[in-house]
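The values are calculated or read from the model by the stated rules, or taken from the named source; none is laboratory data. Predicted model only: the values in this text are computed from it and were never measured. As a convention, Cβ positions derive from the backbone with ideal geometry for all residues, glycine included, and neighbour counts pool all protein chains shown. Ligands, DNA and RNA are stripped out before the accessible areas are found, and what is left, the full protein with its side chains, is counted by its heavy atoms. Shrake-Rupley method; radii C 1.70, N 1.55, O 1.52, S 1.80 Å.
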Amino acid sequence: MTPNGGFDGRETSLYAIGSFGTGAFSTVPSVLLLYFCTEIVGISSGMAALIVFLPKLWALFWDPFVGGWSDRTVSRFGRRRPFLAFGAVGTGLAFILLFAPPAMAPAGQALWVGLGYFALVTCYALFAVPYVAIPAEFGGTPLDRSRLVGWRMAAAMIGVLAGGALAPMLVAAAGGGRTGYAVMALWLGGACAVAMLAPLFVLGGRDGPVAAVARASLWDQVGAALRDRAFRWLVIAYVLMLAAAGLISASAPYLIVHALSRSEADIGVALGIMLVATSLTAPMLAWAGRRWGEARALTVSIIAYMLAAAIVALAARHHHWPAMLAGFALAGPAFAGLQVLPYTIAAHLIHARSALESAAEGALTGIWTAAEKIGLALGPLATALALAMVDRDYAGGLAGFVMLATAALGMLAIPALRRAARP
């Protein structure tokens, strides 16, 4: 522990390791679940759209509830740690089961995948909500909070890299098809669950009950947060940004495999280039936010992501693999900004709000993680609906949709972000 109450270097590292799991578990469904449903299991695009989106609607209720529940928990194991432990183990098991449906009728397989994804979203919230609340709760100063978020997001980028690049390669190495996905889920799910247990070791002596929480109900806390103009507009901007990001990740397997006639392993190559660039530039984006302001740096990231989406779409239309790789490379630094900077702004806002409403970090963070899940689900949902409309015209219809929809979402996100940053 540092003199101001923040985490020291060892504790910061242990805390950040947990983000390897959150990065992977949030990325693999965004990249591969829709493709797994339609191309591997044989579920219709309409049914697949419901599978990838409906569990995220549940998060609108569940995540704030988990946050308030953890705020009020009194146990000999602490306030946050029971949630972290159950969430880590449950998320790993649900992830493995999600990608290993048994042979049965198509309706049964759709039900299996849908319930598996519902279980994954539910267990993931048990971990992610109290975990994301930690910088706002225990970060002693704005610099401490920024450092915690920066290290956490750096570890998350490694998890995102594992989910977006390594996962498709593991599928291909295991022979593809159902077996490939089951093997990928077993190895990646187990590794991520272990990583998510690391933050348990930094909360000893800190993770106690706070009696003042009982003064306000969960819904009072949620209502107060949503009445906060800056927080409300930041949430709206974040949902729009993640929806734009999800369009590229969800459409990438279709554009690479069908529009460009590449192998499934090349999904990992393209996303690997993007996510390596993301990991390398995430610390620079965090520094740029501290130097010039998080909102200004985030606006530049949104514009860069819109440009990257246009390059990817045009490369698919013209069947140009090197140009597509260039587009994914450009998307990497932009995606780093979309990941690091909103979380830093949110940590400051949640800390300020919880200072007024004692120990409400969990409930406020629940709103934030619910918004994150909705944003991540909108990209695959829009892609699934586009697939139903373009009738397998991947190079033309799907690529054009990705370019135009990403631009539209970005143009909506920028004014919302400006409203959030306005004094």
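Tabulated data for the structure shown
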item: The listed residue being open to solvent by less than 90 Å² (accessible area, probe 1.4 Å) and without any contact (Cβ under 8 Å) to a residue 40 or more places away in the chain, out of 309, 304; result: 304
item: Residue 291 vs. criteria part of a helix (DSSP H, G or I) and over 18 Å from residue 236 (Cα atoms); result: yes
item: Residue match in segment 18-39 (condition: open to solvent by 10 Å² or more (accessible area, probe 1.4 Å) and either of a type in the set (A, V, I, L, M) or in contact with an Asp or Glu (Cβ under 6 Å, 6 or more places away or on another chain) (or both)); result: no
item: Boolean, residue 75 is among the polar types (S, T, N, Q) and surrounded by fewer than 18 Cβ atoms within 10 Å (Cβ to Cβ); result: yes
item: Residue in segment 92-115 that is out of contact with any His (no Cβ under 8 Å at 6 or more places or on another chain), outside any helix (DSSP H, G or I) and open to solvent by less than 10 Å² (accessible area, probe 1.4 Å) present; result: yes
item: Breaking point among (1) assigned to a helix (DSSP H, G or I); (2) touching a residue at least 60 places away in the same chain (Cβ under 8 Å), for residue 78; result: (1)
item: Qualifying positions in segment 330-344 - within 18 Å of residue 158 (Cβ to Cβ), open to solvent by 10 Å² or more (accessible area, probe 1.4 Å) and among the hydrophobic types (A, V, I, L, M, F, W, C); result: 335
item: Any hit, segment 342-354, residues being modelled with pLDDT of 90 or more and not charged (D, E, K, R); result: no
item: Filter pass, residue 86 being without any contact (Cβ under 8 Å) to a residue 60 or more places away in the chain, aromatic (Phe, Trp, Tyr) and out of contact with any Asp or Glu (no Cβ under 8 Å at 6 or more places or on another chain); result: yes
item: Flag if residue 119 is surrounded by 24 or more Cβ atoms within 10 Å (Cβ to Cβ) and small (Gly, Ala, Ser); result: no
item: Where a residue in segment 98-110 is without any contact (Cβ under 8 Å) to a residue 60 or more places away in the chain and aliphatic (A, V, I, L, M) and its partner, wherever it lies, is open to solvent by less than 40 Å² (accessible area, probe 1.4 Å) and not in a loop (DSSP other than H, G, I, E, B), with Cβ under 9 Å and at least six apart; result: 103/109
item: Boolean, residue 297 is open to solvent by 10 Å² or more (accessible area, probe 1.4 Å) and modelled with pLDDT under 95; result: yes
item: Residue list for segment 145-172, restricted to those being aliphatic (A, V, I, L, M), open to solvent by 20 Å² or more (accessible area, probe 1.4 Å) and over 15 Å from the mean Cα position of the chain (by Cα); result: 166, 169, 170, 172
item: Cross-chain or 6+ apart pairs with Cβ under 8 Å, segment 379-404 first and in contact (Cβ under 8 Å) with a residue 60 or more places away in the chain and at positive phi, then surrounded by fewer than 17 Cβ atoms within 10 Å (Cβ to Cβ) and assigned to a helix (DSSP H, G or I); result: 392/258
item: Selection within segment 375-393 - in a helix (DSSP H, G or I) and open to solvent by 20 Å² or more (accessible area, probe 1.4 Å); result: 376, 378, 381, 382, 385, 387, 388, 389, 390
item: Helices (runs of 4 or more DSSP H) contained in segment 160-269 and holding at least 3 residues modelled with pLDDT of 90 or more and not polar (S, T, N, Q); result: 167-173, 177-195, 229-254
item: Which numbered condition residue 124 misses (of (1) crowded, with 22+ Cβ neighbours inside 10 Å; (2) under 14 Å from residue 196 (Cα atoms); (3) at pLDDT below 90); result: (3)
item: Candidates 84, 60, 54 - the one that is open to solvent by 20 Å² or more (accessible area, probe 1.4 Å), in a helix (DSSP H, G or I), among the hydrophobic types (A, V, I, L, M, F, W, C) and touching a Gly at 6+ places or on another chain (Cβ under 8 Å); result: 54
